[in-house]
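Reviewing the structure listed below.
The values are calculated or read from the model by the stated rules, or taken from the named source; none is laboratory data. Keep in mind that what you see is a predicted model, and the values were worked out from it rather than measured. Ideal geometry is used to build each Cβ from the backbone, glycine not excepted, and the neighbour counts take in all protein chains shown. Protein only, heavy atoms only, side chains kept; ligands, DNA and RNA dropped before computing areas. Shrake-Rupley method; radii C 1.70, N 1.55, O 1.52, S 1.80 Å.
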Amino acid sequence: CIAINHPGFFIASSCQKTFKIYIWSIKNGTLIEILNGHESYINDLFFFEKDLKILSSSWDKTFRIWQFENSKSLLYECFCEIFKTNGKIFSTCLNPNSKEIAFFVQNDG
């Protein structure tokens, strides 16, 4: 997966072998951050439109909201909220207003 934030400063990409998310600076092409936590295939990535937040969803039955702070320097602190579902998440959509998230989840029950 790949996502570009609205102002065009950052790219997020996921690795399907390590289940990590990589954050890159578009301006200078450097790797800024590696996000760890998912335990299976990451199927969607979205940047929130107004905040420096990323939504990721995975077959590990979680979606995560990663929030970055201290955006005035290249050193960021990342905080992650984890939300669990009852099944694998196959598809995700973030409303452009960043207030609503929709999922297609496989029910394991």
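One table, with the values for the structure above:
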{"quantity": "Computed FRET value (nearest 0.05) for Lys84 with His6, which takes r as the C-beta separation and R₀ as 25 Å", "calculated": "0.35"}
{"quantity": "Total formal charge among the other residues, if their Cβ is under 9 angstrom from that of Tyr41, Lys/Arg +1 and Asp/Glu -1", "calculated": "0"}
{"quantity": "Ser58 long-range amide H proximity, modeled H, under 5 Å", "calculated": "Asn43, Ile89"}
{"quantity": "Pairwise Lys count, the range 1-73 - Cα closer than 28 Å, eight or more residues apart or different chains", "calculated": "14"}
{"quantity": "Accessible surface ranking that places the most exposed of Tyr22, Tyr41 first, with a 1.4 angstrom probe", "calculated": "Tyr41, Tyr22"}
{"quantity": "Förster radius 25 Å - calculated FRET efficiency between Ser40 and Ser91, Cβ distance, rounded to 0.05", "calculated": "0.95"}
{"quantity": "Share of Cα-Cα pairs in the chain lying beyond 23 Å, as whole percent", "calculated": "24 percent"}
{"quantity": "Size of charge dipole - the chain - debye, nearest 20, with Cβ of Lys, Arg +1 and Asp, Glu -1, no other charges", "calculated": "140 debye"}
